[in-house]
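Chemist: Questions regarding the structure given below will be posed in turn.
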Amino acid sequence: MDEVTTSNLPATPHVASDAASEPAARYGRRALMLGAAGVGGGIAASLVAGAAPAGAANGNPVELGETNSATTETVINTTSEDALQANTTGDAGSHGVKGTATNGTGVYGSSTGGTGVWGQASTNGQSGVAGIDTSPAGGHGTYGSSTNGIGAYGATQADGSAGVYGNDASGGGGYGVRGESTNGAGVYGYSTSIGVSGLSSGNGGRGVSGSDTSEEGALGVLGNSANGIGVYGSSTNSDGVHGVAGADGTGVSGISSNGTGVQGETQGNGQSGVKGLDTSAGGGTGVSGSSQNGGVGVAGTSDTGVGLSAASTSGTALQVDGVASFSRSGLATVAGTSSTGKSSVKVTGVALTASSLILATPQGKVAGVAVEGVVPDVSAGSFTIYLTKAVKVSLGIAWFVVG
């Protein structure tokens, strides 16, 4: 270092009046101190006025309240607690840590045993981690990806809250939550109670909506159950399940390998378990049933009521095209022989009531022979057909019970 002499000191600054009475040696020391301060001020000024910003060169310390720049990454390693903690007491738009990037990632977190990035909020209505996309073409507010696990996972510990919550505020028919998959499930829900729950509060809305746009036709909504009900619908004031189809489709279709394809049940007096209504202009079929392998197209049964009821206001109540079969009809034979004539035959095992009508007609012609009358025995479930005279031939009598 150069020797400090009076020749290389800066100009003597103004000092207080009491310094004039001090000895020459004391005055020299004070001038030395003030001069050094002036030199230091000049050095500081040169740093501030220089072309490079604070921390511009690699290896410089990070300066608070300044913009720090570098050409390589800055690494902080610690063996305990947090490697870097940032707190702010600013307004609601402030950030504890804010990261921006031109082409890369604003904030990146990686962990070999813990959480890559962890966020926590203790204020009502705020987010532990928030992601926002403002790109013109549309990107991702928050993006999650996993090689072998779950891309994005959400959990809640409060009843009635949501593990994952999505909200569409566009007003143009967007999606609160949207899932896409090439070969798997777009959205999958698992629960010991309800796997996926949908709720709509708008008139004409949908609690859960499914659609299929495939060229060959797939399923808009599919429900499977190992031991229970595949798809269940209930409504307080409308239809439990409502199906609508286009020109050639089926509103509701039910298929079963061993059970019932479609089953309807009602607990309301005067109501229908299954109801079909035709509103076509040209007239169609309210309910249609068919069987391809010798079965029954439509079957109606009742324990104590009417198994099948047909009614029409101005048309035909019942129309049969083909063979009609009735359980309370048959053929009884008056078994006369050439040696012994018979004039009656008894029919048993027929359910009768006091209002039953029994019709009997001979199925052959014997001169002077006709059905004289029929006498029922309601309690025994039988009736006897009498002829006007005995016949010595076998004569069949057709019978039919109504009511």
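Chemist: Is it fair to say SER214 is more than 17 Å from the chain's Cα centre (by Cα), assigned to a loop (DSSP other than H, G, I, E, B) and more than 30 Å from GLY174 (Cα to Cα)?
Modeler: So SER214 fails the test.
Chemist: Pull out all pairs, ordered by first then second residue, where Cβ-Cβ is under 9 Å, the residues are six or more apart or on different chains, the first lies in segment 104-122 and is more than 15 Å from ALA86 (Cβ to Cβ), and the second is hydroxyl-bearing (Ser, Thr, Tyr) and in a loop (DSSP other than H, G, I, E, B).
Modeler: These pairs meet every condition: GLY116/TYR108; GLY116/SER110; ALA121/SER127.
Chemist: Right, here's the next one. Out of (1) surrounded by 10 or more Cβ atoms within 10 Å (Cβ to Cβ); (2) of a type in the set (D, E, K, R); (3) within 30 Å of GLY233 (Cβ to Cβ), what's the single condition that is false for ASP159?
Modeler: Only one criterion in (1) surrounded by 10 or more Cβ atoms within 10 Å (Cβ to Cβ); (2) of a type in the set (D, E, K, R); (3) within 30 Å of GLY233 (Cβ to Cβ) is unmet by ASP159, namely (1).
Chemist: Would you confirm, using the coordinates I've provided, whether THR333 is of a type in the set (Ser, Thr, Tyr), touching a residue at least 60 places away in the same chain (Cβ under 8 Å) and touching a Gly at 6+ places or on another chain (Cβ under 8 Å)?
Modeler: yes
Chemist: Still on this structure, I have one more. Among the numbered conditions (1) out of contact with any Pro (no Cβ under 7 Å at 6 or more places or on another chain); (2) in the same structural domain as ASP377 (by TED's automatic domain parsing); (3) among the β-branched types (Val, Ile, Thr), tell me where VAL320 comes up short.
Modeler: (2)
Chemist: Can I ask one more? So, ASP168, is that one over 30 Å from GLU73 (Cα atoms) and at pLDDT 85 or above or not?
Modeler: For ASP168, the condition - over 30 Å from GLU73 (Cα atoms) and at pLDDT 85 or above - is not met.
Chemist: List every residue pair whose Cβ atoms lie under 6 Å apart, where the two residues are 6 or more positions apart in sequence or sit on different chains, the first residue falls within segment 165-188 and is more than 16 Å from VAL221 (Cβ to Cβ), and the second residue, located anywhere, is β-branched (Val, Ile, Thr) and in a loop (DSSP other than H, G, I, E, B).
Modeler: Listed by first residue and then by second, the contacts come to GLY166/VAL177.
Chemist: Still on this structure, I have one more. Please tell me if VAL252 is surrounded by fewer than 10 Cβ atoms within 10 Å (Cβ to Cβ), closer than 30 Å to GLY207 by Cα and within 23 Å of the chain's Cα centre (by Cα).
Modeler: It is false that VAL252 is surrounded by fewer than 10 Cβ atoms within 10 Å (Cβ to Cβ), closer than 30 Å to GLY207 by Cα and within 23 Å of the chain's Cα centre (by Cα).
Chemist: Against the definition (under 20 Å from THR67 (Cα atoms), surrounded by 10 or more Cβ atoms within 10 Å (Cβ to Cβ) and not aliphatic (A, V, I, L, M)), how does THR142 come out, yes or no?
Modeler: Judged against the criteria, THR142 is not a match.
Chemist: Can you tell me which residue among GLY109, GLY104 is modelled with pLDDT of 85 or more and under 38 Å from the mean Cα position of the chain (by Cα)?
Modeler: That would be GLY109, the only listed residue that is modelled with pLDDT of 85 or more and under 38 Å from the mean Cα position of the chain (by Cα).
The values are calculated or read from the model by the stated rules, or taken from the named source; none is laboratory data. All figures in this text were calculated on a predicted structure; none of them were measured in a lab. Glycine gets a Cβ as well: all are built from the backbone with ideal geometry, and neighbour counts include every protein chain shown.
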